[in-house]
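Notes for the one structure printed next.
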Amino acid sequence: MKKSIFAIAIAIITSVISCGPKGSQTNNTSNEEKTDYVLRDTAIYGFCAEGSAMNTLQIITDGGDTITVSTTKANDKGRVLGGYAIGDEIALLANADTTQAISVINKSMLNGDWVMPNPMDGSNETGVRILRGGVAESIDQSTIVYKSWRLFNGKLQFTLTREDGIDMEELITYDIIKLTATELVLKSTDEEQETFEYTRPAGEEYTEEDLNGVVIDEGYDDEYNM
């Protein structure tokens, strides 16, 4: 009888021990998947193609594929940022089967100068210059030096340094709240969640070369501006 009780106890202990590592392995896998998603850019990049229409976006991806998605839901949620016209550079976040756009960002529309009143005293305008190829520059800023920019998972990221004697690069991430030919509204993703409202410099003219095919003038409107 004692041998039977001892055997049962050993079986129970073995079962408990074997459950522990399995549970830990599941959690580790889940954490790895979450980490991979954070580090992996899920957006699709390419150019707006001729098959695009009011509620349809067709893009030729950087990899040479042609993708067509509905923009109806994204438009309803205000997530077609900058509209789109044939030839524009586009960043697309889509659903799992790539039929519905979740977010559309007109990269071409981001190009150029963006300024706002100096937050210190409003005496002048400061801002950022966004150039093709991921280059960013400061506009009349004495404390912040912009280095580069990119879109990552539908968010706008800047790499910068501060003129405080410490030459250390920072990565600042923003949600794009609004993007038009003349307005750019960003919201920081940190705890402060500050909102920054930029406009094009007064009297500044932009050529097709400046904005990669996006011409900005008083009567400008995207072909499929939402």
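Things worth noting here:
Residue by residue, here is whether (1) at pLDDT below 95; (2) within 16 Å of the chain's Cα centre (by Cα) holds:
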site	(1), (2)
S18	yes, no
T29	yes, no
L39	yes, yes
G46	no, yes
E50	no, no
N75	no, no
D88	no, no
L93	no, yes
N106	no, yes
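- Within segment 174-224, considering residues that are at pLDDT below 55 and of a type in the set (S, T, N, Q), the one surrounded by the fewest Cβ atoms within 10 Å (Cβ to Cβ): T207
The values are calculated or read from the model by the stated rules, or taken from the named source; none is laboratory data. Being a predicted model, the structure only gives us computed values, none of them experimental. Glycine also receives a Cβ, built like all others from the backbone with ideal geometry; neighbour counts cover every protein chain displayed.
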